[in-house]
Every structure is written in structure tokens, then in C-alpha cells.
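Every number in this text was worked out from the coordinates using simple rules, so none of it is lab data. All values reported here derive from a predicted model rather than from experimental measurement. So basically every Cβ, Gly included, is an ideal-geometry build from the backbone, and we count neighbours across all protein chains shown.
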Amino acid sequence: MSDPALEPARWLKLTVAYDGARFAGWQTQPGRPTVQDAVERAWREITGETVRVTASGRTDAGVHALGQVVGLSTSSTLEEGRLQQALNAKLPEDVVVLTVERAPEGFHATHDALRKTYRYQVHNSRTRPLFDRGRVWHAPSARLDETAMGQGGAILLGRHDFAAFESVGSERSSTVRTVLGCEVRREGDRVDITVTGDGFLYNMVRTIAGTLVEVGRGARPVEWVAEVLASRDRAQAGPTAPAHGLVLVSVEY
């Protein structure tokens, strides 16, 4: 049997879905359950390797993912399909590896990402959600005006300084980002806000959601979104929507 230490490194890209309800987020935190710890522990049990994986971005406590992308290098010779099966056998039931693929040498899931898509899910009904509880923000107000919300979202398209949509205390060299898409769609009591961008500030999507819900319930006019954007002042925007309504849908490279 060959010595794994002598095998050349193989770079892999994993697509991972998870229910974030019981996790303290993606990133390792001492004494708290995280998705990163679950993935690294499963990998160690399968291959005997201790690896430090990278992800496309850190999701906060309670945030879910349908398409988180994870990168790592390994000396394991197990083929990709077997690795996927083995990981899913070891991972907890609220984490699933959807694909394991070869990646270019030096692949970095964070730095190589070109765009990400998030969806914020709102349950707009006087009756609280049952089966979707923990995955939607319950907005029991009168019917949200999804058309006005969509018009507000369109104001955010393009490259802007999104300082007004970032939580206070974040450390970034720049608050300029490009929003490539911002759509609002309703299906029954469910209103989804889908945002695609080249990157996002801390709590940016959740603040966009909170701001658009203010427009949807008639508390603010559509034009207010432009005023918030121009202000660069977080205090001018709507509330930060709860974490459990947010889903990382996909990452493109």
C-alpha cells in the first residue's frame, strides 16, 4: 500500500447543503457545533487526514445552505463518488454532500468565487408557519406588496457602496459591491427575495430583506430604498431580518 504522505495533493470541490438550525454557523468555534467541524470530522474518520477546509463564505448561526461550496486538498486516493458516499454516511442528518469534484490546483472556495446567490424566505400570513418553521421569517402583517418590493430591489442593481446594508462593527477594506440580480416572487403565502452579487457584506442580504419588507407592508415608499442606499448609514435602513429565513442557494466560479 502506498504511503498517503507521498501521494501528490489532489484538489477537490465539495457542494454541501445543510439545515443551519442547530449550528453556530459554518466556521469553527470552540465549544459550539459548526458545519465546518462536522465536515472536517467526517473527513478525518474516513481518510485519517486532518484537513482544514475553506468555504465560499461563512454563514451565520441559523442560516441554511443548498449550495455551499467547500474546497480542500487531499492525499487520499479514494475516488470522488466513494468520498461523497462515505461522507454522507458519517455526517449528521442535517448536512449532506451533494457532489465531490476535482478542482484546479490551488482552488480556494472563498477567493475564487465569482458570484453568489442567496434567497430570503418570508411567510406572509396571519397564521404562523408549521412545516417551514425555522426556515422562513413569519411576517403576519397584511399582504405584502411584492410588486413594490421588487421595484425597491431593482434600485439596488449595479455597483454601489452598500455601507447602509452592513451591520455595524464589520471590518472591510471596501463596502462597494455589485448586485447582479434582486427579484421578489410570491407563491401563495410565501414571498422569496433572491439576491445575486459578486460578494456580500456582513448581514447585507438580511438587511436588504428587512428593508424590502418595510416597503412591502407600506411603511415606506419605494423611493426610500434609494435614499437608504445613498445615505451609507446603517441606521437609515430597515431591520436585519432573522437569520433562519436566509439560504445560500449557489456559488459560481
Computed over the chain: longest principal axis from alpha-carbon atoms vs helix 204-216 long axis, angle to nearest 10 degrees, is 30
With T = 25 °C, eta = 0.890 mPa s and Kirkwood Rh from C-alpha pairs, the Stokes-Einstein D of segment 37-78 in µm²/s is about 211
Determine the distance separating the Cα centre of segment 107-154 from the Cα centre of segment 161-232; give it in Å without decimals.
11
Where the Cα pairs of segment 115-252 fall when distances are cut into 10 Å bins, in %:
13, 47, 33, 7, 0
Per residue, the convex hull volume that the Cα atoms of segment 194-241 enclose (Å³)
82
Scoring only Lys, Arg, Asp and Glu (+1, +1, -1, -1) among other residues with Cβ under 15 Å from the Cβ of Val96 yields -1
DSSP loop chymotrypsin sites (Phe, Trp or Tyr not before Pro) in segment 194-239 with at most 15 other Cβ atoms within 10 Å of their Cβ, which ones?
none
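What trypsin sites (Lys or Arg not before Pro) in segment 98-129 are in a loop by DSSP, with at most 16 other Cβ atoms within 10 Å of the Cβ?
Of the trypsin sites (Lys or Arg not before Pro), the ones in loops of segment 98-129 whose Cβ has at most 16 other Cβ atoms within 10 Å are Arg126.
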Checked against the positive end of the charge dipole of the chain (+1 on Cβ of Lys and Arg, -1 on Cβ of Asp and Glu, about the Cα centre), the farthest of Leu87, Ser125, His64 is Ser125
Using a cut-off of under 11 Å, list every residue of segment 18-55 whose amide N is near the label point 7 Å from the Cα of Leu98 along the Cα-to-beta-carbon line.
18
Local electrostatic count at Glu40 - Lys and Arg +1, Asp and Glu -1, tallied over other residues with Cβ under 15 Å
+3
For the chain, built as a Gaussian network whose Cα springs stay under 10 Å, the top-fluctuating residue of Asp132, Asp37, Asp19:
Asp132
Expected max-MSF residue from Thr50, Thr240, Thr211 in the GNM of the chain (alpha carbon, under 10 Å) is Thr50
Using only Cα atoms, find the angle between the long axis of helix 146-155 and the longest principal axis of the chain, and express it within 0 to 90 degrees, rounded to the nearest 10.
70
I need the Kirkwood Rh of segment 7-102: take the reciprocal of the average 1/r across all distinct C-alpha pairs and report it in angstrom.
13.2
How far, in degrees from 0 to 90, does helix 80-90 lean away from the longest principal axis of the Cα atoms of the chain, to the nearest 10?
70
